[in-house]
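Below is one structure, written out as structure tokens; comments come after it.
Please treat every number below as a calculation from the coordinates, not as lab data. Treat the numbers as computed from the prediction; the structure is a model and nothing was measured. Here the Cβ positions follow ideal geometry from the backbone for every residue, glycine too, while neighbour counts run over all protein chains shown.
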Amino acid sequence: MTKVRATVVCEKSLYKVAKLHNFSDFLYLGKSERKTGGQDRPAILADSVEAVIAAILLDGGIEEAEKFIIENLKEDIEIATKHVGDKDYKTVLQEKLQEHGDVKIEYQIIKEQGPDHNKSFEVEVSCDGKKLAKGKGRSKKEAQMNAAQKALENLK
């Protein structure tokens, strides 16, 4: 259940809910945030969905909050449930590298650029000091996953 929750309660799925219900029309943002496209920024819209769920919980109780969640995330929950046993690239890489014993796997941020609201990261993965691959992403986690994926491709 923890993996299903982690898969479903993410920026991508909450952003879809916000777009579906036009949450951007109801956001109160500062002038500069609106000028830079804050009303369409996935992180802001995903956060707004979490805030609405909290408001529903406080105002209507757990049953109403659960109803909103199920109605809006049912498809994502079903998909996550079907893929609950799937492993992510970091896990697969770790298992592959540790087949013959303990090794030290490190993910190091080698580049970080952009403003706080729109950062991009470049990460390098290494094993026992040997550089395996680099990956880029809009979050540290995404960059790590991309680095692990490339490392797996390089190891084949």
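Things to note:
- Of the labelled figures [x] 54, 38, 22; [y] 46, 34, 24; [z] 144, 25, 24, only one reflects Cα extents along the principal axes in Å as derived from the coordinates, namely [x].
- Distance between the modelled labels on K74 and E106, one decimal in nanometres: 4.9 nm (7 Å Cα→Cβ projection).
- Placing R0 at 22 angstrom, the Cβ-Cβ distance between S32 and Q113 gives a FRET efficiency of 0.65 after rounding to 0.05.
- K82 paired with R138, simple spin-label distance in nm, labels 7 Å along Cα-to-beta-carbon: 2.5 nm
- Efficiency of FRET from Cβ geometry, A43 and N154, R₀ 25 Å, rounded to 0.05: 0.20
- Charge dipole magnitude, Cβ of K and R +1, D and E -1 - the chain, Cα centre, debye nearest 20: 760 debye
- Of the residues Q94, S120, A148, the one whose Cα sits farthest toward the positive end of the charge dipole of the stretch 89-155, with +1 on the Cβ of Lys and Arg and -1 on the Cβ of Asp and Glu, is S120.
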